[in-house]
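Below: the structure, in structure tokens.
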Amino acid sequence: MVPLTDNNEELDLLAEIEGATSSRLVAEERGSASLPASELVHGVAHAKFINASFAYAKPRQIMRFNPTDRGAWYAALAVETLTCL
């Protein structure tokens with residue numbers, strides 16, 4: 001595997017670029033047009049995964065449980081699901 005950067009300074013620059021263009025990071029910090037930062041999860045382990053599901057929407061595709069300007073989080077208490085016949 002080849003390193004992405006040659007040193008920590010370059011890595012910091014890449015992190016800054018990612019922060020400026022990441023829908024999740026922008027939404028967590030200041031919200032977006034349809035997603036206030038207060039509606040996102042903060043202060044818990046792995047919150048970034050939950051927040052990313054809401055921050056990254058599919059603007060050209062209406063989804064089952066969410067509009068085109070908001071993502072959705074699908075979760076369950078167990079991996080197994082019930083099948084209704």
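Computed quantities for the displayed model
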| item | result |
| --- | --- |
| The stretch 44-67, residues that are surrounded by 10 or more Cβ atoms within 10 Å (Cβ to Cβ), farther than 22 Å from Ala20 by Cα and polar (S, T, N, Q) | Asn66 |
| Breaking point among (1) surrounded by 12 or more Cβ atoms within 10 Å (Cβ to Cβ); (2) out of contact with any helix residue (DSSP H, G or I) (no Cβ under 6 Å at 6 or more places or on another chain); (3) β-branched (Val, Ile, Thr); (4) not in a helix (DSSP H, G or I), for Val41 | (2) |
| The one condition in (1) more than 15 Å from the chain's Cα centre (by Cα); (2) surrounded by 10 or more Cβ atoms within 10 Å (Cβ to Cβ); (3) among the small types (Gly, Ala, Ser) that Ala78 fails to fulfil | (2) |
| Residue in the stretch 16-35 that is assigned to a loop (DSSP other than H, G, I, E, B), of a type outside the set (Ser, Thr, Tyr) and touching a helix residue (DSSP H, G or I) at 6+ places or on another chain (Cβ under 8 Å) present | yes |
| Residue that is modelled with the highest pLDDT [pool: residues in the stretch 68-80 that are small (Gly, Ala, Ser) and over 21 Å from Glu18 (Cβ atoms)] | Ala72 |
| Top-ranked residue of the stretch 1-43 - restricted to ones that are polar (S, T, N, Q) and under 21 Å from Pro59 (Cα atoms), ranked as nearest to the chain's Cα centre (by Cα) | Ser23 |
| Pair list, Cβ < 7 Å and 6+ apart or interchain, from the stretch 25-43 residues that are under 11 Å from Ala55 (Cβ atoms) and without any contact (Cβ under 8 Å) to a residue 60 or more places away in the chain to residues that are in a helix (DSSP H, G or I) and among the acidic types (Asp, Glu) | Ala37/Glu28; Ala37/Glu29; Leu40/Glu28 |
| Conditions (1) in contact with a Phe, Trp or Tyr (Cβ under 6 Å, 6 or more places away or on another chain); (2) at pLDDT 90 or above; number of the one not met by Ser23 | (2) |
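The values are calculated or read from the model by the stated rules, or taken from the named source; none is laboratory data. A quick note: this is a predicted structure, and the numbers were derived from the prediction, not measured. Glycine also receives a Cβ, built like all others from the backbone with ideal geometry; neighbour counts cover every protein chain displayed.
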